Amino acid sequence: MKILFIGHEPYLNGASKSMLNIIDTLRAKHKIYVLTSFQSGDFYEELIKRNVEILCYSFYRWCLKKENNVQWVKHKFRWYFYEKEINEITAKKVAKFAIEESIDIIHSNSSVINIGALIKKYSGIKHVWHIREFADLDFQMYPIISKKRYFRIMNQYTDRFICISNAVFNHYDLLDKRKKRVIYNGVDSSNLIEHTGNMKHSVNFLIAGRISKAKGQEYAIQACLKLIQKGINNFHLYIAGSGGLQEELPSQLTDFVSVLGLVKNMPELRKDMDVELVCSTAEAFGRVTAEAMMGGIPVIGSNTGGTVELVQDGVTGFLYDYNSVDNLAAKMQRMIKEVDLRDRMGRQAREYAEKHFRIERCVDEILNVYNLLLSSRESIVKK
């Protein structure tokens, strides 16, 4: 099978890591092509390491952050008078290439780009659209075109939508239900670490992901402050992720919080962690949640988005009331005090993750989608 994947970013964020995991599992038996508009960056460097054919063409996003009205008008102007046309030109070129190469499947990796739909339009090749984000709830991104037209184009030029959680499935309620299915992200075996935890009396908490308001590092810091105020001091919070904190750490937390920056080897870091925090506004899935659980680490997560589906409250971790620092601190306090509970949750988290989040399971389900689409194509040809 020949598959053309389409990347949307130069970075190695969750969506791109998930796509690379799929490619790594598929490329032994299938011919993989990747279309990207970036010729540098961590994502491109990872593609170079793999035996895949890379296509580099300019194309633009059709969803952007709505910072203010003036900026939004500029975005619209640039889209309608330049970027939209560039996307059309690129789509025609890639469609011609795809037809000549007899590509079987086009696989878009994000809802924020429409280039895959355009390639489908000009080639007729089966198009699978992976919906990996809420867009508005998690990244404050919105379509440049009208919502009605946005969903009409998606439905018209897509053969199957893959939603990474039931939360995403329900959020995109204007997509054709007959074309939608839920497939959880998979994480690779490198996350199956021998987690021993730290040997000290202190409990290590980790919050991972780019530092931003949406990821909720500030809530974790405030919860730590609450613990200190209660006289609880046998813990340490590690913050791993690109970017900087909006405010300096309170002086009381200097010895209790470490900001690590971008960490390339997360499995190695997690070997010394006891509990992972997911304080996001709305995770579409929560790759770090799945990775932590695969590593035998219980998770304290906000009761929002896909986190509710991944964390079994009281079994593999705790769910807390989003926006309630007191509730988060209370869950952290239980993890600090109840060692047996923490260890049991860690074991149960790993068992659950191995059953539901293995990359092999994810890829098998995606291949089933591909094969069903291609079998329907074959039956039409025979008729």
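We did not get these values from a lab; they are worked out from the coordinates using the rules stated. Just so it is clear, the model here is predicted, and its values are computed rather than measured. Methodologically, a virtual Cβ is constructed for each residue, glycine included, from the backbone with ideal geometry; neighbour enumeration extends over all protein chains shown.
The figures follow:
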item: Cα pair count fraction exceeding 25 Å, expressed as % - the stretch 189-356; result: 21
item: Least to most buried among S212, S146 (fewest other Cβ within 10 Å first); result: S146, S212
item: Choice from G241, G116, G314 showing the highest fluctuation, given a GNM over the chain with Cα pairs closer than 10 Å; result: G314
item: log₁₀ of I(q)/I(0) at q = 0.13 Å⁻¹ - the chain, Debye sum with one point per alpha carbon; result: -1.07
item: Largest-first principal axis extents, alpha carbons of the stretch 281-339, Å; result: 29, 26, 15
item: Residues F97, F285 arranged by fewest to most Cβ contacts within 10 Å; result: F97, F285
item: Using a Förster distance of 22 Å, the FRET efficiency for D255-R334 (Cβ separation, nearest 0.05); result: 0.45
item: Most mobile listed residue (I131, I23, I232) in the chain, GNM with C-alpha springs under 10 Å; result: I232
item: Max mean-square fluctuation residue, GNM over the chain, Cα-Cα springs under 10 Å, options I32, I239, I153; result: I153
item: Whole-number D in µm² s⁻¹ for the stretch 1-135, Kirkwood Cα-pair radius fed into Stokes-Einstein, 10 °C, 1.306 mPa s; result: 103
item: Surface/4 estimate of mean projected area, convex hull on alpha-carbon atoms of the stretch 1-73, nm²; result: 5.6
item: Tail fraction, Cα-Cα pairs, the stretch 75-137, threshold 14 Å, whole percent; result: 59
item: Sites I99 and K271, calculated FRET efficiency, Cβ-Cβ separation with R0 41 Å, nearest 0.05; result: 0.25
item: Ranking of V182, V112 by count of other Cβ atoms within 10 Å, fewest first; result: V182, V112
